[in-house]
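Bear in mind these aren't lab numbers, they're just calculated from the coordinates by the rules spelled out. Quantities reported herein were computed from a predicted structural model and do not represent experimental measurements. Cβ atoms come from the backbone with ideal geometry, glycine included; neighbour counts cover every protein chain shown.
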Amino acid sequence: MPPIAKKHLKLYLYHADQCHPKKCTGKKLARFDLINLYKNVNRIPAGSILLDPMAEKAISPADNITKGITVLDCSWQKVEEIFPLLQKKRMQHRALPFLVAANPVNFGRPFRLTSGEAFAAALYILGYKEQAEELLSKFKWGKTFFDLNKQLLEEYSSARDSSEIIKIQEEYI
Ligand SMILES: C[S@@+](CC[C@H](N)C(=O)[O-])C[C@H]1O[C@@H](n2cnc3c(N)ncnc32)[C@H](O)[C@@H]1O
């Protein structure tokens, strides 16, 4: 029997070099070869989904994800400065809905996810649950992220589109 191909999405990290290299979740995932790290945003293939906390539209299973997912690893202090600069790049900007961080820096805080959590949340919502779990298995607090957000992640992953995602979020908050 031929091996069954694992469901897998391409992941890109645009690294702005603004974090502590030893604490950076994106760099850690790149060391495990689980994501592709770029320091030049022009090298990221056009058409991917950019996880942008300020985007107007929430990610949903209705998104076209054939070109993969991109995360911008930068300081939270620079988010409002950098994301607008990427508006001209051909990426689809999407926000993640209400989810709670499990990383030690922002534990319990909604919306403020590390790059690793952001990738995992997007993958889970889009139906790539094994890949999401594989990514967060590299962090001590990875399982806690799924424990804290299990019910919401399941509901988001069965939403039809972005407006349903927002409805689920509003009912929860
Ligand atoms: C600001 S960086 C901080 C990275 C952190 N230094 C680390 O080690 O992971 C986190 C990135 O994850 C993505 N992200 C986090 N929370 C998000 C949200 N609520 N909606 C969309 N993207 C989010 C964004 O691409 C954001 O720029």
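Here are the numbers for the structure shown:
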{"item": "Chain lengthening between Arg90 and Glu171 when straightened (0.36 nm per residue, less Cα-Cα)", "result": "25.9 nm"}
{"item": "Cα centroid separation, the stretch 96-155 to the stretch 14-59 (Å)", "result": "15"}
{"item": "Antiparallel content of DSSP bridges confined to the chain, in %, to 5", "result": "5"}
{"item": "For the chain, convex hull volume per residue from C-alpha positions, Å³", "result": "127"}
{"item": "Gain upon complete extension [Arg109, Asp147; 0.36 nm per residue less C-alpha separation]", "result": "12.2 nm"}
{"item": "Over the chain: helical MRE at 222 nm, DSSP H runs n ≥ 4 each giving -39500 (n - 2.57), nearest 500", "result": "-10000 deg cm²/dmol"}
{"item": "Rounded FRET efficiency, nearest 0.05, which uses the C-beta distance separating Ser163 from Ser137 and R0 of 41 Å", "result": "0.80"}
{"item": "Of Lys129/Lys150; Lys23/Lys150; Lys140/Lys167; Lys28/Lys140, pairs whose Cα-Cα distance is over 23 Å", "result": "Lys23/Lys150; Lys140/Lys167"}
